[in-house]
Amino acid sequence: MCGRFSLTATPDELAEVFSWMNIAVGAQGVRPRYNIAPSQPIAVIANTGKNDLDYFIWGLIPFWAKDPKIGYKMINARAETLADKPSFKAAFKYRRCLILSDGFYEWQKQPGSTTKTPYFIHLKSGKPFAFAGLWERWNAPDGSEILSGAVITTEPNDLMRPIHNRMPAILHTESFQQWLTPGEVHLDALNSLLGPYPSDAMEAYPVSTWVNNPANDDPACAARVSLG
């Protein structure tokens with residue numbers, strides 16, 4: 001699963017990768033985030049055809065849900081079962097998004113111990129990137145609205161495999177517009193975009209358990225440490 005990630009890029013750095021994005025809509029919310037956790041705002045570009053940067057809640061709330069707390073269990077969606085799961089299949093067909101990031105965390109189990117070592121994983125280029133995501137609009141009985149999203153996960157690449165058995169589905173830049181096609185598209189074409197990202201373009205290194213506490217949101221979360 002993917003349970004924590006970062007987005008520390010400046011608006012100018014985001015514009016280098018997402019030059020077609022309308023960042024003005026969400027510019028006030030662009031601030032360094034080193035430890036984004038479930039239920040918190042995430043930066044997204046939804047497939048509405050507007051290419052606006054917006055902020056949704058991390059944890060997808062299906063439109064049919066009776067209780068928004070279901071979102072706590074819906075932070076990730078497995079790529080292999082998107083078309084079948086009642087919680088995700090409608091969003092997969094109609095409501096896709098990019099979830100902006102520049103790194104994510106995963107915890108490696110240590111043999112013979114209950115201890116887990118956190119790792120920070122990012123692109124070697126240091127540039128921001130996008131997870132494939134799903135989004136939903138949930139209408140509360142009082143008429144209020146919640147926009148929420150989930151990160152799609154896939155099989156690990158060779159870099160990730162020793163750390164964890166899943167990884168976020170990171171989209172190649174040339175796939176952004178296909179993923180953001182408004183409305184329904186051929187699902188086989190979408191599935192082909194959700195494989196593991198190339199290992200040779202990524203780097204992983206251990207960080208301290210400071211990141212374990214979602215209240216900690218500073219550069220120390222992603223600072224490299226030595227093991228042993």
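Just so you know, all these numbers are worked out from the coordinates, no wet-lab data involved. Fair warning: this is a prediction, and the values are worked out from it, not measured in the lab. Virtual Cβ from ideal backbone geometry, glycine too; neighbours counted across all protein chains shown.
Any chance you could get the radius of gyration and Dmax over the Cα atoms of segment 70-122, in Å?
Using the Cα atoms of segment 70-122, the pair Rg, Dmax is 15.3, 45 Å.
Which FRET efficiency value, to the nearest 0.05, is calculated for Ala140 and Ala223 with the Förster distance at 25 angstrom and r the Cβ-Cβ distance? Kindly include the intermediate steps, with their values, before the conclusion.
Values: r = 40 Å, r/R0 = 1.60.
It comes out at approximately 0.05.
Would you kindly work out the equivalent ellipsoid of segment 4-222 from its C-alpha gyration tensor and give its semi-axes, the square roots of five times the eigenvalues, largest first in whole Å? Don't skip to the end; give the middle numbers.
On the way: eigenvalues 130, 77, 72 Å².
For segment 4-222, the semi-axes come out at 25, 20, 19 Å.
I want to check the label-to-label distance for Asn216 and Glu203. Put each point 7 Å from Cα in the C-beta direction and report it in nm to one decimal.
With each label point 7 Å from Cα toward Cβ, the separation is 2.1 nm.
Which FRET efficiency value, to the nearest 0.05, do you get for Lys116 and Arg31 by plugging their Cβ-Cβ distance into 1/(1 + (r/R0)^6) with R0 = 35 Å?
Rounded to the nearest 0.05, the efficiency is 0.75.
In square nanometres and to one decimal, what's the mean projected area of the convex hull around the Cα atoms of segment 117-228?
One quarter of the hull surface, i.e. the mean projection, equals 10.0 nm².
Just how large is the dipole of the chain about the Cα centre, in debye to the nearest 20, putting +1 at every Lys and Arg Cβ and -1 at every Asp and Glu Cβ? Present the calculation step by step, with values, prior to reporting the outcome.
Working: 21 positive and 22 negative charges, 123 e Å.
Rounded to the nearest 20 debye, it is 580 debye.
Can you give the extra length, in nm with one decimal, that the chain gains between Gln178 and Lys85 once fully stretched, where that is 0.36 nm per residue apart less the Cα-Cα distance?
31.3 nm
At q = 0.17, 0.22, 0.25 Å⁻¹, what is the log10 ratio I(q)/I(0) for segment 1-103, with the Debye formula run over Cα points and no solvent?
The Debye formula, applied to the Cα set alone, gives -0.85, -1.27, -1.42.
Tell me the mean residue ellipticity at 222 nm calculated for the chain from its helices only (DSSP H runs of n ≥ 4, each -39500 (n - 2.57), averaged over every residue, nearest 500).
-2000 deg cm²/dmol
For segment 4-222, what number of Lys pairs, 8 or more residues apart or on separate chains, have alpha-carbon atoms under 20 Å from each other?
8
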